[in-house]
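Novice: What follows is a single structure, and I will ask about it in a moment.
What follows is calculated from the coordinates using simple rules that are stated; it is not laboratory data. For clarity, every value in this text was computed on a predicted model and none was experimentally measured. Here the Cβ positions follow ideal geometry from the backbone for every residue, glycine too, while neighbour counts run over all protein chains shown.
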Ligand SMILES: Cc1ncc(COP(=O)(O)O)c(C=O)c1O
């Protein structure tokens, strides 16, 4: 069955589920509860609305403090995903709320279109300090997808200005997620997420990711992790040569790939990629929308893996979610053709570098420094990994992988053969059981089946060994029950 067939089938099924009268019929009847209002008016992101229209409850989160969140019924949960890889410094930091209020009073808004304001200037300076090499120029956005989109557009314009106008193609990895704008979506490597929006921005090409657990299924003939890293990096060179280096603008890679379940780079991988990019005049974009700001124990994760990209894209944890912002940080080399004459990057966002968000980001980064959050992550990451690895005695737990405070647990049908679940089994296991059971057991995290089924964990960076044990206990209970279900 093709992806389009699957989409049509799903759409047909969902159409049958939605038996609720059309909203127009209910107008006039005042929705009384938040549940009613949510069902009637709130179009949630990446969400199957059918079950909600048919009466399923919308989980409503009303409060957060530290690594905990509460729903509207007063039930407390462990936030095992920092909202959405965002609340790195933890919930309920009064100091960040106060800074936001102060900035809103002082100057609530001004654009960065030919004008500037102090908080964006200070934040650009701070980010340039943290960024490696000559990554000194900061272009603000409101989120991660816009940062990726900006990098795609900058890469195209840069090569045009350098007299290489054919360089427009972009290479990324299988199952990688890079955002939803049509350019970023062309870089995203998840076919099912793109099929309904085709034709997308042309020029996106895919290479193998760094899932060592499934390396041989990707064509790796077998060997050490280092050899796999070299093999995977060489697939990038193969693609550049196949497409013609004169047509390839950039390679977009996450330091640790999220989608598919936390694939860290094998040793030597990024060093080889850097070499390939330099050899073929291709820009290396480090998409750190998730990995920056402490998730891997450094302000920028490329530092942790010892490579210097040409562009970093980042967002999420920059403010720990207290206000939205994103950024594209580029090297002096990329800025150089824009530093002359009338040349302009014709690109921008009204809310890019919003004063309130920039002020909050500065305060958030100050907290990182004062509380030594990166050091805390580096010190405790091995203990977190060890707690999760204890789950490997459960029959369906196939692999535990990740880095920093960012881990994926791959679930398999057969541990010896690594056989994965069929689509129907995965649907039953993840959506039918795990997501709900984990939430009911008090752990908010992600059960993801965009690649092979995984549980993903990315808790606030403030937690320690006691909380790792708590996460392990909940996962042990729920995954053991899930094993028996099959
Ligand atoms: C690696 C990566 N790039 C881009 C994005 C898109 O970011 P946003 O949702 O802020 O647009 C995400 C979101 O999760 C991401 O993980």
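Novice: Just to be sure I understand: of the beta bridges DSSP finds with both ends in the chain, what percent are antiparallel, rounded to 5? Can you show the working numbers first?
Specialist: Numbers: 33 of 49 bridges.
Antiparallel bridges make up about 65 percent of those DSSP assigns within the chain.
Novice: Follow-up question, since we're still on this one. Just the Cα atoms of the chain, one point each, no solvent: what log10 I(q)/I(0) does Debye give at q = 0.05, 0.09, 0.10 Å⁻¹?
Specialist: -0.19, -0.64, -0.80
Novice: Relative contact order of the stretch 94-370: what whole-number percent is it, with Cα pairs under 8 angstrom and at least 6 residues apart?
Specialist: Computed over the stretch 94-370, the figure is 29 percent.
Novice: Here's a follow-up. Shape call for the stretch 97-212 from the C-alpha gyration tensor, a ≥ b ≥ c root eigenvalues: rounded (a/c under 1.5), prolate (a/b greater than b/c) or oblate?
Specialist: Details: a/c = 2.08, a/b = 1.70, b/c = 1.22.
Prolate, because a/c is 1.5 or more and a/b exceeds b/c.
Novice: Using just the Cα positions, wrap the stretch 94-370 in a convex hull and report its mean projected area in square nanometres, one decimal place.
Specialist: Computed as one quarter of the Cα hull surface, the answer is 14.9 nm².
Novice: Among 277-289, 304-316, 120-132, 197-209, how do they line up from the highest to the lowest mean number of other beta-carbon atoms within 10 Å?
Specialist: Descending packing order for the listed peptides: 304-316, 277-289, 120-132, 197-209.
Novice: Taking the Cβ of each residue in 43, 113, 70 as the centre, tally the other Cβ atoms inside 10 Å and list the residues starting with the fewest.
Specialist: Numbers: 43 7, 113 10, 70 15.
By the 10 Å Cβ count, ascending: 43, 113, 70.
Novice: Can you give me the C-alpha center-to-center distance between the stretch 425-486 and the stretch 177-236, rounded to a whole angstrom?
Specialist: 25
Novice: Could you work out the relative contact order of the chain? I mean the mean sequence separation of Cα pairs under 8 Å and 6+ apart, divided by the number of residues, in percent.
Specialist: Averaging sequence separation for qualifying contacts and normalising by length gives 19 percent for the chain.
Novice: Now, a different point. Please rank 401, 214, fewest neighbouring Cβ atoms within 10 Å first, as an exposure proxy.
Specialist: Ascending number of Cβ neighbours within 10 Å: 214, 401.
Novice: Here's another thing I want to ask about it. Would you please put 97-108, 474-485, 185-196 in order of how densely packed they are, using the mean number of other Cβ atoms within 10 angstrom per residue and starting with the highest?
Specialist: Values: 97-108: 14.5, 474-485: 16.9, 185-196: 19.2.
Put in order of decreasing packing, that is 185-196, 474-485, 97-108.
Novice: For the stretch 417-465, what does the relative contact order come out to in percent, with C-alpha contacts under 8 Å and a separation of six or more?
Specialist: Numbers: 32 pairs, mean separation 14.5, N = 49.
Relative contact order of the stretch 417-465: 30 percent.
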